[in-house]
Every structure is written in structure tokens, then in C-alpha cells.
Amino acid sequence: LGNAQDDFVLRQCTRRIRHYTGEITEIDKQLGAEAAQSEDARLLASMTGVGTYTAILMASEISEISRFETPKQMVSWAGFCPTVRQSGKETRLGRIKKVGSDSLVNWAMCEAANVAVRHDARMRAVYEAACKRHAGKHMLAIIVVAHKMVTIMWHMLKTRTPYESRSEDLYSRKLAKMQKKHRDKD
């Protein structure tokens, strides 16, 4: 680069990048292996937009589906329902919750919804209808899609059935990738 100081800084940065790349690879293997062993994560991965990380996050955060008696309870837990303020006969709906320990779930499901609207005709239809209702506001429509996805996840986990509109090819590749990481971990 020109002088010894710049070369030293570049070598240090390169070492750090290699170190963190190795750490990320190990974490990736561990998460993939855990997802391969989790029946819930494998089931949730059948949904378009839900990859290994979102599947294992949702499976571990949900823990036991029996703790949610209705899909509305799970949607509320995930932070996709509006806050309600009532006084007498007056009811006002506010922003969605999106607070607390489930904010990571909220973020992950919004990311999954963004992918799903591009690759799943069913979710794209939900998105387009929500865009019409909310004057073309993308984020509001994504929240509606994420709400729908969490509702579907509740039904999938309760009935132990994979996502109806799944791409079999994509789902098979996701499962194979999880299994490979499980084998590589050992």
C-alpha cells in the first residue's frame, strides 16, 4: 500500500476477517445441525420465505405450541397486533406492539414476509390486497403478510402439517442443507 503502517493495519484486518469468517462458519453449522434435529424447525422451513435461521429461531422461541390456545395469541406474542386503547365506549387502535424479547421474532418474520411476497403467489396476493387497503405503504403490507404467516405457522405446528403452498424442490433443498450441516458438525 505504500508504508509499513498501512501494511500492518491491512494484515490485522485480514486476520480478523479470517477469524470471524471461521466463527460464522461454526455458528452456521451449529444452527443448521440444531434445525435438522428440531421437528418444529423442519416443519416451519416448509414455508416460503422461512429459511434455516428463521425456522430455528421461531421453533426455539415458540417452544411449545400448546402455550398458545389460538393463532391470535401467537400473533400478539410475535408483536403483529395493534395496541388497543379503550375508554368507555371509545376504542382506538394504535401501532403494532413490536416490543420486548419477541422483537427479534418480529424482525425475522418481517424479513421472511419480504422474501415470501416475491416467491409465493399466496403471500403476494395478501401483500397486494394490503397495499390497496393501506394506500401502497410497503411496510404496513409486509406486517399484514407477517401476521398471516405467523397465523399459518400456528396451524402448521398444531396440526403437524407442512405449508400447503410450498415448493417441494425448495423444501427438499432446505432439508438437505440442514442435514449436511448436521453431518458436518460431527
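Observations
- The residues in region 4-22 that are of a type in the set (Gly, Ala, Ser) and surrounded by 10 or more Cβ atoms within 10 Å (Cβ to Cβ) can be counted, and the count is 1.
- Hits in region 152-171 - residues which are polar (S, T, N, Q), closer than 15 Å to GLU39 by Cα and assigned to a loop (DSSP other than H, G, I, E, B): THR161
- Answer residue from region 91-132, given it is modelled with pLDDT under 70, surrounded by 11 or more Cβ atoms within 10 Å (Cβ to Cβ) and of a type in the set (Lys, Arg) and is nearest to VAL50 (Cα to Cα) among those: LYS98
- Pair list, Cβ < 7 Å and 6+ apart or interchain, from region 63-90 residues that are exposed (fewer than 11 other Cβ atoms within 10 Å of the Cβ) to residues that are part of a strand (DSSP E or B): VAL84/THR91; VAL84/LEU93; ARG85/ARG92; ARG85/GLY94
- The number of residues in region 156-173 being touching a helix residue (DSSP H, G or I) at 6+ places or on another chain (Cβ under 7 Å) and within 16 Å of GLY49 (Cβ to Cβ) comes to 4.
- For region 52-86, filtering for residues that are at pLDDT 75 or above and outside any helix (DSSP H, G or I) leaves 8.
The values are calculated or read from the model by the stated rules, or taken from the named source; none is laboratory data. Just so we're clear, the structure is a prediction, and the values are computed from it rather than from any experiment. All Cβ positions, glycine included, derive from the backbone under ideal geometry; neighbour counts span all protein chains shown.
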